[in-house]
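One structure is given below, encoded as structure tokens.
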Amino acid sequence: MLDLRVPSGLFFALLGVILLGMGIIAPDMRAALTDANVNLYCGAAMTVFGAFLLVMAWRAGRSHS
């Protein structure tokens, strides 16, 4: 049975990489009311969270084998 952490981790990691790339390539595209690069920070957080989910799914799959 497929662990739900795998597709969720892939989704968050992919979306995080896209946002991280947008934050690096186009830092001037930011929210109107802030000076912070929201795409960069949220992309980094989503990438780390997606990687965490994938590592946890990998560890769970390894322990069942």
Subject >> In region 1-19, the residues that are more than 9 Å from the chain's Cα centre (by Cα) and assigned to a helix (DSSP H, G or I) >> reply: Arg5, Val6, Pro7, Ser8
Subject >> Checklist (1) among the small types (Gly, Ala, Ser); (2) open to solvent by 80 Å² or more (accessible area, probe 1.4 Å); (3) part of a helix (DSSP H, G or I) applied to Ala45, failing item >> reply: (2)
Original post:
Do you know which of the residues in region 20-42 that are out of contact with any helix residue (DSSP H, G or I) (no Cβ under 7 Å at 6 or more places or on another chain), assigned to a helix (DSSP H, G or I) and aliphatic (A, V, I, L, M) is surrounded by the most Cβ atoms within 10 Å (Cβ to Cβ)?
Top reply: Val38
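The values are calculated or read from the model by the stated rules, or taken from the named source; none is laboratory data. Here the structure is a predicted model, which means the values were calculated and not measured. Here Cβ is always computed from backbone atoms with ideal geometry, including for glycine, and neighbour counts include all displayed protein chains. Just the protein is used for accessible areas: all its heavy atoms, side chains included, with ligands, DNA and RNA removed. Shrake-Rupley method; radii C 1.70, N 1.55, O 1.52, S 1.80 Å.
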